[in-house]
Structure formats: C-alpha cells, structure tokens
Amino acid sequence: MSNQATASPPEVVVVGSANLDLVVDVDTIPLVGETVMGGDLRRIAGGKGANQAVAAARLGRRVAMVGRLGADEGGTILRRALDRDGVDTTFLHTTADTPNGVALIAVGADGDNAIVVSPGANERVNPADVDAASAVIDHASVTLLQLEIPLEAVAAAAARSTGTVILNPAPAPSGVLPEGLLADVDVLVPNQTELATLAGHDGPVDRDLAAALASDLPCRAVIVTLGADGALVIADGQQTHVPAPIVTPVDTTAAGDSFCGGLADGLVRGLDLVEATRWAVRVGAATTQRAGAQPSLPTPLEVESLLSD
C-alpha cells in the first residue's frame, strides 16, 4: 500500500513526523550532568505523526500520512511499519541525502520518560507537500496535526482541511502560535504545560486555570490532557472532566499520541466531543500497559482486555 492510494478515501489524514525511536530503560531519568546505566538499546518505530496514524489505523480507521522519511535504514524501517498497519504512505516522501528523524528516549522504572528529538527529514516537510496531498486531505473527516514538522506545513494543512482539524501542540512551542493557525483548529489537544505556553502563562496550571486559559484561545474546543487524571474538555462555554482508568503504567511514551488517535477514531464514528474524549482516555490508558511507542498502540479489543486485567 506504500505507493498507491487506498481503494476508499482515508477517514483520517495525519500530517506530521516519523522518527526511529532509540529507547533505553533506566532505573531513574538522569539529572543534568548525571550518567546512569541502562538496559539494552531498542529500535522502535515512532514519531508523533506516525504514532497517531498507527493508533487511528489499529482502531479501525482508514488512514493516510503526509510527511517525509530519510533516505536511510531508519526511513525504510518506518515505511515498512506503517505499511504493516495499513497506513497509506503514498504522500510520505523519501528525502535524498537526508537522515531520518530520530528520538532518543530514556524510560524510567516508573514509566515516565525523557526524550530528545533530532528531526532529520521531518524538518523538510513543507506547504508544497501539503498541496501535493490534496487528494487525501480534501476528503478526510479528520486531519491530525502536531508540531514536530515546520509550522508553515502545519498551518497549510490546517487551512486546507475541510474536515475536523485536531492539533496536538507537541512538543511545546517556543511561544504563542499564530492566531491564524489556531483559528483554523477545531480541537486543540495540549497538556497543561503546552497550554500554559500557548496562553503566555508563567506558572503551574490547575483545572480551573486551564479552563480559563483555554476559553481565551480562538479554537472551537480545547481538550487538556491531564495524564493519570484523564482530560478536561472545554467547549461551548462549558467544561467537563473525563477521568482516566486507574492503571500502573509500564511506559507512557505514546500515551498522548494514542489519545489523539482515539479521539480521531471517536469523532469519525460520530461520537460527540465528550464521548470521543472518554474513549480516547481509555485508549491512552491501555497504551501505557505495554512498552514501546507503536508496539504499545492497541486495537479496540485490546483496550478492553488491557484495562480489565
């Protein structure tokens, strides 16, 4: 499926990044200047865009991905991984003389992680790539976006999409995003830190403050992810807290990405925003029960089985 469009138009289009994750398990995440010993190195398909694409595909959606891979072994590994999960990679271009994106990930014994990303080919994604993918973007019910590719490409995809635009502003932007971009976003999905950055707020953000900050943003709705506390949906002047299942995490690396894939899945299936968030929270919780980014992303049956143990 890698170089030909799916028989039916995709329901979800992801415009974003694909990284090869280099993962090492450690007892504790190192502090600045500290060296710690870790376990064996694992190479795992990842990247926020690719993770969200696979998450939605495993939940049953028809998915296409727009982006760039490196002309190296990492790019080959990532394309094969996406192909195996049925993601249409027609518009995922291989970029000559450019390394693939890489994420260096330390995973602590408590499931938390620290990540450094080298963007590689992801930095070459541009508005022309978005225009070239008009055949899939123009017909998708949901367009999923993140911030591991250049902002101009993200803005072009948001402006072009005729479906529901979901923006996961991660990694946290260095400043406030352009209002024009946020105005094109239907559902913004930040965590508390990302919301504070977008709103220009310096300091911690609790639920009440999150609702106040979100209401000032020019998006139709904001869903603030709260980790183990679930998510806060702010839309139409109301806020709804959606609690998360109580789990003991093994690895939280892809939980946020699977949340976004679950949200897209729920919206395509016609769930309202709160019910789609309720499903997304369960998908995210199930993801923390297995190690690795894409290996941890569940099917619907696995969501139920992983949370019933």
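For the reader, a short list of remarks on this structure follows.
- By the Cα gyration tensor, the stretch 54-114 has an equivalent ellipsoid whose semi-axes, rounded to whole angstrom, run 23, 19, 8 from largest to smallest.
- Percent RCO, i.e. relative contact order, over the stretch 147-239, from Cα pairs under 8 Å lying at least 6 residues apart: 24 percent
- Gain in span if fully extended, Ala159 to Glu34, counting 0.36 nm per residue against the direct Cα distance: 40.6 nm
- Near Leu271: Cβ cut-off under 15 Å, other residues only, Lys/Arg at +1 and Asp/Glu at -1. The net charge is -1.
- Calculated from backbone phi, Karplus (6.51, -1.76, 1.60) coupling profile of the stretch 184-198 in Hz, x at Gly/Pro: 8, 8, 7, 10, 9, 10, x, 8, 5, 5, 5, 4, 4, 5, 4
- Near Arg290, the amide H atoms lying under 5 Å from its own belong to Val250, Asp251; only residues 5 or more places off or on other chains count, and H is placed 1.01 Å from N.
- Long-range amide H partners of Thr164 with built H, under 5 Å: Val142, Thr143
- Phi-based couplings in Hz for the stretch 270-282 (Karplus 6.51, -1.76, 1.60; Gly and Pro marked x): x, 5, 6, 5, 5, 5, 5, 5, 4, 5, 4, 4, 5
- Local electrostatic count at Gly67 - Lys and Arg +1, Asp and Glu -1, tallied over other residues with Cβ under 13 Å: 0
- Radius 14 Å from Cβ of Gln239, net charge of other residues (Lys, Arg +1; Asp, Glu -1): -4
- Over the chain, Cα pairs under 8 Å with separation of 6+ residues give a relative contact order of 17 percent.
- Relative contact order %, the stretch 98-218, counting alpha carbon pairs below 8 Å whose residues are six or more apart: 17 percent
- Rg over Rh for the stretch 161-206 works out to 0.99, using Cα positions for both radii and the Kirkwood form for Rh.
- The average projected area of the stretch 82-190, computed from the convex hull of its Cα atoms over all directions, is 8.5 nm².
- Rg [Å, one decimal], Dmax [Å, integer] - the stretch 163-292, C-alpha atoms: 13.8, 40
- Simple Cβ-charge dipole of the chain, Lys/Arg +1 and Asp/Glu -1, about Cα centre, in debye nearest 20: 720 debye
- With θ taken as phi - 60° and the Karplus curve 6.51 cos²θ - 1.76 cosθ + 1.60 applied, the whole-hertz 3J(HN,Hα) list for the stretch 150-166 is x, 4, 4, 5, 4, 5, 5, 5, 5, 5, 7, 4, 9, x, 6, 9, 10 Hz, x standing for glycine and proline.
- Evaluated at q = 0.15 Å⁻¹, a Debye calculation over the C-alpha positions of the chain (equal weights, vacuum) places log10 I(q)/I(0) at -1.19.
Each value in this text was obtained by applying a stated rule to the coordinates, not by laboratory testing. None of these values were measured; they are calculated from a predicted model. We place every Cβ from the backbone using ideal geometry, glycine too, and count neighbours over all the protein chains shown.
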